[in-house]
Amino acid sequence: MHHAVIQYTCLLVIILFVVMLAQKIRVAYPILLVLAGLPLGFVPFLRGIEIQPDLIFVIFLPPLLYEAAWNISWKDLWKWRRVISSFAFPVVILTSCVVAFVSAAIIPGFTLATGFLLGGIISPPDAVSASAILKTLKVPKRFITIVEGESLLNDASSLVVFRFALAAVLTGSFVFRAAAGDFLLVILMGIVIGVTVGVLFYAIHRWLPTTANIDVILTFITPYAMYMLAEEFHFSGVLAVVSGGLFLSARRNRFLSNRSRLQGINVWEAVAFLINGIVFILIGLEFPVIIKNLGAGGLALAITYSLIITGVLIIARFACTYGAVVITIVMSNIITVADPSPGWKAPTLLGWTGMRGVVSLAAALSIPLTLSANQAFPNRDMILFITFMVILVTLVLQGLSLPLVVRWVNMPDPDLVFPMEQQRQLVRKKLAHLSLQLLEENYSEQLKSNTMIKGLAMRYKGDMELLKDWEKDDNVARAETFYKDYRAIMGHLLKEQRALLDTLNKKENISDELVKQQFELLDLEEEKLRQNFEVIN
């Protein structure tokens, strides 16, 4: 037990340093973590740390999916629902079919059922790696929404394909009509369970006397309740978490207090970062375990098959993205679509974002060792190795080259009517105008007699005066200079105020609790400053 604690503590330290290195050299940290895990898997001290499929599916997957669903825009997701749904369901099924036929044709001993099993494992792009890489790049918001939305939903469809293919291999039979009906039932009931559990937790948050700490803990219980309840009835736990997370995310301002939201954001960011780091470095650590049963001769053949299957996946994804463009253009003559003329840039970028991740590897590892007749599961080691190589090649090749592809494509943002910083200041101006109007109409007496209310009104008037520089395009450059100076000076003031609080805290007549509260207010002020002006810098 102590040895395991020391192992994972060392692993966490390694993860932190690898992530810091990734930030230093400007590489997405999932790529570097996987590469760092490869040699670490051969270190004797770290042997024994392996991916347990149940651990990934039950412990890691629900919070990762919930955090991703919580942060995605429901408005944008609904706007691009047709594109996202087509990639999350039909494209995954089509890709699984292509992989099934190709693998059955080139790999000795592979049947169509085994091929579909492999296809269900490696067909879904990974939500975590795609999001981590795209956050470092300048791409249109609609593109990020489509990639993240697809990655959220395709895990569910691929795991359903995997489940039916595994049953076909184990039983030796497959009835398409029954499987198609079960497929729809698994998906629909997963969504129903997720939303139902979401409604229950919504009621708990809103109508019971919760605190900020209780609210945060409840948000961690929620995804596990959704996932395990759906899986208990053999429905899609992934879709349950995604649908329930989207339901609650769209209503967060109704049932969470401001303190719960602030505290929850900080806690969830740290937890998601930790889980992501662990699962990606575990992929690299799994390498010695995967290759040990192949042997030298089998390893060479396995690498060849893996590269062929990886190439098939990349080609199939490009075919699907360009096919989706053709279908969109045709359908735009019949129905209203979000973008009737997608062009070539978006499908090119989308085709190159097919990085696979830990869900694929966990699914492969969950394949049983033996069949029901105590026979070894056919080609299990080959499936594991191909899955690992697909993850490694797509994550490293596509992940490292994606910034170059983004610069080459140079895709403009068609949804950005005017710069984001101008949108930000426009919203702030409208909020200041509303506040001044309410003060003058509803609190005129206090506005005359209460000096604190007068100061509040003066602050809003000052905001209105400052924000007018953003109304004309030719004033944007000058306004940006003003706000950079403002941020620098405000940062200096906050630093000196903290120093003063440290000095005051040494005095006997000043409460330590009061000083802590003032520190918290300064922290909130600095966070507000960062969020208001992060676009400018």
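The values are calculated or read from the model by the stated rules, or taken from the named source; none is laboratory data. All figures in this text were calculated on a predicted structure; none of them were measured in a lab. Reconstructed Cβ throughout: ideal geometry from the backbone, glycine too, with neighbour counts over all protein chains shown. Just so you know, the surface numbers come from the protein's heavy atoms only, side chains and all, with ligands and any DNA or RNA stripped out. Shrake-Rupley method; radii C 1.70, N 1.55, O 1.52, S 1.80 Å.
A few remarks follow.
- Rounded, prolate or oblate (a/c below 1.5 giving rounded, otherwise prolate when a/b exceeds b/c) for the range 73-195 by Cα gyration tensor: oblate
- Area of residue 325 that stays accessible when all protein chains are in place (1.4 Å probe, Å², to 10): 20 Å²
- Charged-residue dipole, Cβ positions (Lys, Arg, Asp, Glu), the chain about Cα centre, Debye nearest 20: 580 debye
- Candidate values [x] 59, 25, 18; [y] 46, 28, 24; [z] 40, 29, 23, label of the one derived for semi-axes √(5λ) of the Cα gyration tensor in Å: [y]
- For the chain: relative contact order, % (alpha-carbon pairs under 8 angstrom, 6 or more apart): 19 percent
- Counting only protein chain heavy atoms and rolling a 1.4 Å probe, the accessible areas of 97, 320 rank, largest first, as 97, 320.
- Signed unit charges on C-beta, dipole axis of the range 184-323, positive-most listed residue 234, 287, 248: 248
- Ranked by the mean number of other Cβ atoms within 10 Å per residue, highest first, peptides 428-440, 138-150, 380-392 order as 380-392, 138-150, 428-440.
- Pairwise label distance in nanometres, residue 301 with residue 369, each label 7 Å out on the Cα-Cβ vector: 2.3 nm
- Mean separation of Cα contacts under 8 Å (6+ apart) over length of the range 14-164, as relative contact order %: 26 percent
- The mean sequence separation of alpha-carbon pairs under 8 Å and at least six residues apart, normalised by the residue count of the range 80-148, gives a relative contact order of 33 percent.
- Gyration tensor (alpha-carbon) shape descriptor, the range 211-370, a/c threshold 1.5: oblate
- For the range 253-333: rounded, prolate or oblate by the Cα gyration tensor [a/c cutoff 1.5]: oblate
- Per-residue accessible area (protein heavy atoms, 1.4 Å probe) orders 87, 42, 164 as 42, 164, 87, starting from the largest.
- Sequence of 485, 463 from largest to smallest accessible area, 1.4 Å probe: 485, 463
- Residue 253 versus residue 510: modelled label distance in nm, points set 7 Å from Cα along the beta carbon direction: 3.7 nm
- Set 24/75; 461/484; 495/528 screened for pairs whose C-alpha atoms are more than 23 Å apart: 24/75
- Model label points for residue 58 and residue 528, set 7 angstrom from Cα along the Cα-to-Cβ axis, are 4.6 nm apart.
- Computing FRET efficiency as 1/(1 + (r/R0)^6) for residue 503 and residue 440, where r is the C-beta to C-beta distance and R0 is 35 Å, gives about 0.30.
- Between 0 and 90°, nearest 10: helix 29-40 axis offset from the chain longest Cα axis: 50 degrees
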